[in-house]
Each structure stands twice: as structure tokens, then as C-alpha cells.
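Participant: One structure is given below, represented as C-alpha cells, and several questions about it will come after.
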Amino acid sequence: MLRYEMQGGIWVYPGKGGWHFITLPTDVAARIKAAMAGLARPWG
């Protein structure tokens with residue numbers, strides 16, 4: 001399991017489904033992307 005601590009604003013997708021997102025700091029996003037290389041699957 002990956003665990004990161006950070007602060008950021010939550011933004012809500014205005015369409016159907018009630019999706020909530022947080023914009024990750026660039027360095028955290030890069031570390032997660034590297035850790036998940038070859039494992040991530042698309043969604044949507």
C-alpha cells in the first residue's frame with residue numbers, strides 16, 4: 001500500500017456521479033506514477 005500525506009483543495013466534478021478529486025503536487029504525482037508503472041489500468 002502506498003501512503004502519502006499532503007494538503008490540497010478538493011474539487012467536485014459537475015457532471016453525474018458525484019466524483020471528487022484532489023490535485024496532487026507534481027512530485028507526489030511523479031512518485032505514484034513511478035511506483036505504479038506497469039500496474040495502472042485505464043478507467044472511465
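Participant: Testing Leu2 on (1) surrounded by 10 or more Cβ atoms within 10 Å (Cβ to Cβ); (2) touching a helix residue (DSSP H, G or I) at 6+ places or on another chain (Cβ under 9 Å), one condition comes back false. Which one is that?
Facilitator: Single failed check for Leu2: (1).
Participant: Let me ask another. Report every pair of residues separated by at least 6 positions or lying on different chains whose Cβ atoms are under 6 Å apart, first residue within the stretch 7-28 and closer than 16 Å to Trp43 by Cβ, second loosely packed, with under 10 Cβ neighbours inside 10 Å.
Facilitator: Correct list of pairs: His20/Ile10; His20/Val12.
Participant: Another one. Please find, within the stretch 25-42, the residue that is surrounded by the most Cβ atoms within 10 Å (Cβ to Cβ) out of those that are at pLDDT 90 or above and under 11 Å from Tyr4 (Cβ atoms).
Facilitator: If we take residues in the stretch 25-42 being at pLDDT 90 or above and under 11 Å from Tyr4 (Cβ atoms), then Arg31 is surrounded by the most Cβ atoms within 10 Å (Cβ to Cβ).
The values are calculated or read from the model by the stated rules, or taken from the named source; none is laboratory data. In this text, all values refer to a predicted model and were calculated from it rather than measured experimentally. Quick reminder, even Gly has a Cβ in these numbers, built from the backbone with ideal geometry, and neighbours come from all protein chains shown.
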